[in-house]
Structures are given as structure tokens and as C-alpha cells.
Amino acid sequence: MNNDTLLNSLINAFLKIKTEKEMHEFLLGIFTPQELIEIPTRLEIVKMLKKGISQHDIAGKLHVGVATVTRGSRELQKGRFKYV
């Protein structure tokens, strides 16, 4: 299977989840403990960037590298995260 097929399979699995409890259980099952920290942190980076908080302030507050914040900023500039 190629990466697009695998990604589409993941997307379809997400779309079938109907409740917060089901989503919580799914995420606990599919992600490692480290991923359960990193992924929500990336979402928070995007939210903070959209509020106009500086990259250095975000990095300091969330204890991540500036490069991690910059990556989120680049993705935001591409027009992603419209619904965040």
C-alpha cells in the first residue's frame, strides 16, 4: 500500500468516529504516549500562531524548539488549518 492509501484509510477511520469517548479510545490505541503529547502540542502551536503570538514566545511557553513552531507557521501560510 502507498502512503496516500494509508492516509485515506486513517481519514476514513476518523470520520467514522461519532463520540468524544470513541475518539479518545481510538487515539489512545493508535498513538504512542509521545505522539499523544506531540500532536496536541502541534495543534496548540497553530492556535497560538493564529492569535498572533510570536514564535519565540510559543516555543518558550510550550517547551518546543523554534523550528517546530516555524514548521507550523509554514503550514499555516499554505492555507492549512482553516477550521482550527
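The values are calculated or read from the model by the stated rules, or taken from the named source; none is laboratory data. This is a predicted model, so every value here is computed, not measured. Backbone-built Cβ (ideal geometry, glycine too); neighbour counts: all protein chains shown. The area values use the complete protein model at the heavy-atom level, side chains included, leaving out ligands, DNA and RNA. Shrake-Rupley method; radii C 1.70, N 1.55, O 1.52, S 1.80 Å.
Odds and ends about this structure:
- When the stretch 18-38 is filtered for residues that are surrounded by 12 or more Cβ atoms within 10 Å (Cβ to Cβ) and not in a loop (DSSP other than H, G, I, E, B), the ones remaining, listed by number, are 23, 25, 26, 27, 30, 36, 38.
- Contacts under 8 angstrom Cβ, first residue in the stretch 67-78 being of a type in the set (D, E, K, R), partner in a helix (DSSP H, G or I) and modelled with pLDDT of 95 or more, 6 or more apart: 75/46
- Count - residues of the stretch 56-83 that are surrounded by 11 or more Cβ atoms within 10 Å (Cβ to Cβ) and in a loop (DSSP other than H, G, I, E, B): 3
- Residue check, residue 15 in contact (Cβ under 8 Å) with a residue 40 or more places away in the chain and open to solvent by 70 Å² or more (accessible area, probe 1.4 Å): no
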